[in-house]
Amino acid sequence: MPNNRLQDTYCLLGMPIHALTAQQTLSYIDVSASERDVCFLSTPNVNFFSSSLQDSAFLESLIVSDLNVVDGARLVWLGRRLGIPIPERVAGASL
C-alpha cells in the first residue's frame, strides 16, 4: 500500500487526509519498512490546521507527506459531518 497506492485520500480544511484505521496505518508503515521505502507520516489535528493557515511551509509539509492520518477527534467528527469516511482517530503517540 505504500506511496502512490493509497485510494482513500480526501481534502479536509485544505489538508490532505487519508481515511485509514490504525491497523491500516501500521500495515502501510510495515510495508514501507520492508520495502525500504521512505514514509513521511503526519498526524493532523486542530493545531495542524491552525498552523497550516499561518505557515505555508508547514502546509507544504502536509501536502508532501506520504501519509496523513487524523489524530484529532474534532477533525474526525468534522470530516464525518462533511461526508469523509474517516473510520477512527489514529493517535500519533499510539503509533
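Looking across segment 46-84, the residues that are open to solvent by less than 70 Å² (accessible area, probe 1.4 Å), aliphatic (A, V, I, L, M) and within 21 Å of residue 95 (Cβ to Cβ) come down to 46, 62, 67, 69, 70, 73, 75, 76, 84. Cβ-Cβ contacts under 8 Å between residues 6 or more apart (or on different chains), taken from a first residue in segment 12-23 that is at positive phi and without any contact (Cβ under 8 Å) to a residue 60 or more places away in the chain to a second residue that is among the small types (Gly, Ala, Ser) and open to solvent by less than 30 Å² (accessible area, probe 1.4 Å), are listed as 14/52. Could you tell me whether any residue of segment 79-89 is of a type in the set (Asp, Glu) and modelled with pLDDT under 95? Looking through segment 79-89, none of the residues is of a type in the set (Asp, Glu) and modelled with pLDDT under 95. Residues that are closer than 14 Å to residue 45 by Cα and touching a Phe, Trp or Tyr at 6+ places or on another chain (Cβ under 9 Å) within segment 75-95 comprise 75, 79, 86, listed in sequence order.
The values are calculated or read from the model by the stated rules, or taken from the named source; none is laboratory data. Given the structure is predicted, the values throughout are model-derived calculations rather than measurements. Cβ coordinates were reconstructed from backbone atoms using ideal geometry, including for glycine residues, and neighbour counts include every protein chain displayed. Keep in mind that these areas ignore ligands, DNA and RNA; they rest on the heavy atoms of the full protein, side chains included. Shrake-Rupley method; radii C 1.70, N 1.55, O 1.52, S 1.80 Å.
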